1. Can you tell me how many residues in segment A:160-180 are in contact with a helix residue (DSSP H, G or I) (Cβ under 8 Å, 6 or more places away or on another chain) and charged (D, E, K, R)?
2. Consider segment B:365-386. How many of its residues are within 14 Å of another protein chain (Cβ to nearest Cβ) and either under 27 Å from B:Glu133 (Cβ atoms) or open to solvent by less than 30 Å² (accessible area, probe 1.4 Å) (or both)?
3. Condition first: open to solvent by less than 80 Å² (accessible area, probe 1.4 Å) and in contact (Cβ under 8 Å) with a residue 40 or more places away in the chain. Now tell me which residues in segment A:31-47 satisfy that.
4. When only residues in segment B:103-126 that are among the basic types (Lys, Arg) and without any contact (Cβ under 8 Å) to a residue 60 or more places away in the chain count, which is most open to solvent (accessible area, probe 1.4 Å)?
5. Among the residues of segment B:343-364, write down those that are more than 14 Å from every other protein chain (Cβ to nearest Cβ) and small (Gly, Ala, Ser).
6. From the list A:Ala261, A:Ala249, A:Ala272, which residue is closer than 18 Å to A:Cys210 by Cα, more than 14 Å from chain B (Cβ to nearest Cβ) and touching a Pro at 6+ places or on another chain (Cβ under 6 Å)?
7. Does segment A:1-29 hold any residues that are without any contact (Cβ under 8 Å) to a residue 40 or more places away in the chain, small (Gly, Ala, Ser) and part of a helix (DSSP H, G or I), and which are they?
8. Do we have B:Val137 as under 30 Å from A:Ala93 (Cα atoms), more than 14 Å from every other protein chain (Cβ to nearest Cβ) and assigned to a helix (DSSP H, G or I) here?
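The values are calculated or read from the model by the stated rules, or taken from the named source; none is laboratory data. Everything numeric in this text was worked out from a predicted model, so none of it was measured. Glycine also receives a Cβ, built like all others from the backbone with ideal geometry; neighbour counts cover every protein chain displayed. Quick note on the areas: whole protein, heavy atoms, side chains included, nothing else; ligands and nucleic acids left out. Shrake-Rupley method; radii C 1.70, N 1.55, O 1.52, S 1.80 Å.
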There are 2 protein chains.
Amino acid sequence: MSVVKLEECRQHIRAQLDGVVEFWLKYSHDTVHGGFFTCIGRDGNVYDELKYVWLQGRQVWMYCRLYRSMDRFRRPEILEAAKAGGAFLRKFARVSVSGNQWKCAFCLTRDGKAVKVQRTIFSECFYIMAMDELSRVTGDKEMQMEAEQMMEQLIYCVREDSSGLGRPQLLGDVPTNSMAVPMMLLCLVQQVSEGRLEMGRKYAELGSWCVSQIQQHIQRDGTAILENVSATGAELPGCLGRLQNPGHALEAGWFLLQYAAENDNKKIQRTAIEKFVELPYERGWDTDHGGLFYFLDVDGHCPTQLEWSMKLWWPHSEALVAFLMAYSQTKKPELLEKFFKVYEYTFSHFPDSQNGEWFGYLTQEGKVALDFKGGPFKGFFHVPRCLYMCECILDNLLAKKD
Amino acid sequence: MSVVKLEECRQHIRAQLDGVVEFWLKYSHDTVHGGFFTCIGRDGNVYDELKYVWLQGRQVWMYCRLYRSMDRFRRPEILEAAKAGGAFLRKFARVSVSGNQWKCAFCLTRDGKAVKVQRTIFSECFYIMAMDELSRVTGDKEMQMEAEQMMEQLIYCVREDSSGLGRPQLLGDVPTNSMAVPMMLLCLVQQVSEGRLEMGRKYAELGSWCVSQIQQHIQRDGTAILENVSATGAELPGCLGRLQNPGHALEAGWFLLQYAAENDNKKIQRTAIEKFVELPYERGWDTDHGGLFYFLDVDGHCPTQLEWSMKLWWPHSEALVAFLMAYSQTKKPELLEKFFKVYEYTFSHFPDSQNGEWFGYLTQEGKVALDFKGGPFKGFFHVPRCLYMCECILDNLLAKKD
C-alpha cells in the first residue's frame, strides 16, 4: 500500500472530522440551559429537545478529548460547550429512584427534568467518561474525584451486587455476561488510567478481568463471537444466546488491541485480531449489498430485531478503527486491505455531502432509511471518535514512514 | 360491488383462516409444559422456546373464540390446547415483584420461570382476555371471577394510581394518554360485557370514558390521529407528541365502530369512520410502494423508530377489519373499495404460499425482511382475528343479500 494512498486517506479523514465538528458546534448547543440537543435533522434542525444522557456524556467527552489532544480543536468555544454540558449533567443527570438510591437518568427534558431511567449501567458509564475527561482539561480535582467515586459504585454493581439497578429478581432471568458490560468497563479503566500510574495499578486486576470476560464471548470452538453468554462463559439458549452483533465485536476488538499494546501482550493482540476483528467482519459482511449487518443469528435463523439487516453508521466506524489499529500494530497488508474495503463502503454511503455529517441508518441495500444526523442513540460520538482515532493512527503510521 | 366478488372474498378468507389455524395447531403446542411456542420459523421450526405472555393469552383467547363461535373449529384439540394454555398462564404468569405486589410477567421460560416483567398493563390485559373467553367455553366460574378481579385492579391502575407498575416517579415523565391504554380497556369492556347485561351496566361508564379518551387523539383540527397526547388531551412536545401509528388508529377505529353499533350511536360511528378509518389510511398509505407505514411524524420529520417505513402484517389486518366493518355499517361503496385495495396489497405480500401462515415484516418496498411466522410480538392473534372478523362480517353481508 503506498504512502500516497495513506496520505490521501489522512487528508480525507481530517476534512471529515473538521466538517463533523463544525456541524455539531453549529447546531447542537443549547445556550439557554447548557447541554446539547441531539435530535438533529438532516439539515441541522432540532426536531426534539429531549436530552439523552448517554449522548450528553459522550459529547462532553469527545469535545474534551479533541480539545486536549489535537491542536486545531483547542478552541474556547469547544471548551465552553463541554463545560456547560458537564455542568448540565452534574446538575440534572442524577435522580433518586427509591429510598436513598440514585441513578443517572437515561433522558432529560431540555431544562433537566428526568423523563426516563434505564435499569442498566450505561448512563453512569458515559457520565464517568465525561467527568474524567473534562477534569483532565480543566484540572477540576473535585470532578475527578466524583468520577472515581462513581466508578467504584459501578464496579460494585457489576461485580458484587446489581440490585441497585432496580430490576426485579426473576427465576428465569439468569445472570448473563453481555458484551457491552465488560467492554464498557474496560473502556473506563483505560480512560481513568491514562497517564496515571497509580490508577493503572489500582485497576490492573479489573482490566484483566474485563479482558477475560470479553474473551468468554468467543464461542463455537472459536468460530463465532456471541453477544450474550452465561456468567460462566457458556452459550445461552435461544435467540439471546445465538445473537451476533458484528459492530460490537469489532469495537471490543480495538479495545483489546489497545489493551494488548499497553500491556505488551502478543497473545491478546492475536486473539483480538483473529477473533474480534477478522471473524466478525467475515461473519457480518453482507456479500450481496456490502456493509455490515447489525445483528445476525449464529445458526442462520432470522434475528427477531426488526432492524437486523440494516446498515448502521457505528459498526462501520468501529470496523475502520479496528482494522486500521490492527494494521498499525502488525503491518499485515491484508488488514489494511480490509480497512480500505470498509472505508469505500462507509464513505460512499454514510456522509451527507449536501448538509454535512453522516446519515446513521441505511436499508440493507444502502438506501438512507432514517435521514436525521442525531437521534436518541446517534450523537457526537461514534463518527468523530472514529475519525479522531483513524487520524491519530495515520499520523503515527505516516510519521514512521517519513 | 358484486355479490360474486364478496363471495369469492369470503371463500378466500375462510381458506386462509383454515390454513392459519392448521399452522398453529401443528407447530405451536408445547405438549410437555402446556402453553404455546410462539417463536416459529418460516417452515414451522421452533427457533426459541421462550413464552411471551401477551401471545400466550392471545392464543388462548383466539382458540376459545373460534371454538365458541365457528362450528368448524369446535374441535377437542383446540379446546384442550386452550385449556392447557390457560393452566400454564394461571400457574406461572403472575409473579411477585416487590412486597405483596404482583404483576403478570412479559416473558417466561418454556417451563414457566419469569424472565422479564414490563412496567405496563398489557400482559395483564391479555391474561384477562384469555381467562374471560376460556371461562365462557368451559363454564369455569372461578376463572371468570379471577378475570373480573384482575379487571378491577387494572382499572384502578389506569384511572387511580399507577404506582403498582413499578415506574419511578420522575418530574419530566408527564402523565400521558397513550392510545393503547384506552383501546385495550375498551376491548376488555367489550369482552367481559358480551351477552351479560349486568356487566354491561357495570362497565358502561368505563366504556364511555375509554371512547372519550380515544377521541382525545384526534388532533390538529381533526386532521390527524396522534398516538400520544397529554392527560388532558393536548398535543405533547417532540417526537412522542408527533407520532402517528396508522395501524393502531385503524384498530381503534373498529373498536369504536363496534361500540357505536352496540350503543346505536351514529355520531361515534361517523367519527370512527372519518377520523379513525379514512384519515389514518390516507395519512399512512405509502403511495410509492403500497402498504401502510408503521410510524409517521405528523410534521413530516423522520421518525426515530428504525422500523418506521416497514410494512407490518398487523396494521394491514386491522385495516381490513376496519374498512369491512365500516362498509357493513354504512354500505358506502368507497369503503368497500378501500377494503379491496388493502386486501390486494395484503394477500399479494404477506401470506407464505409455500409453508403457510403470513410473513410479518416487510421492507418499505415489500420484500420479506424477517421470515419467521411467530416471534416476540407476532403470534396466533392479529392474522386469525382479522380473518375471523372478516368472515363473520361477510357472512352477515351475504346473508342479507340472499
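1. 0
2. 11
3. A:His33, A:Gly34, A:Gly35, A:Phe36, A:Phe37, A:Thr38, A:Cys39, A:Ile40, A:Gly41, A:Gly44, A:Tyr47
4. Of the residues in segment B:103-126, the ones among the basic types (Lys, Arg) are B:103, B:110, B:113, B:116, B:119.
Applying the additional criterion that residues be without any contact (Cβ under 8 Å) to a residue 60 or more places away in the chain yields B:113, B:116, B:119.
Values: B:Lys113: 78, B:Lys116: 100, B:Arg119: 58 Å².
Ranking the candidates gives B:Lys116 first.
5. B:Ser348, B:Ser353, B:Gly356
6. So the residue among A:Ala261, A:Ala249, A:Ala272 that is closer than 18 Å to A:Cys210 by Cα, more than 14 Å from chain B (Cβ to nearest Cβ) and touching a Pro at 6+ places or on another chain (Cβ under 6 Å) is A:Ala249.
7. Scanning segment A:1-29 gives a single hit, A:Ala15.
8. Details: under 30 Å from A:Ala93 (Cα atoms): no; more than 14 Å from every other protein chain (Cβ to nearest Cβ): yes; assigned to a helix (DSSP H, G or I): yes.
For B:Val137, the condition - under 30 Å from A:Ala93 (Cα atoms), more than 14 Å from every other protein chain (Cβ to nearest Cβ) and assigned to a helix (DSSP H, G or I) - is not met.
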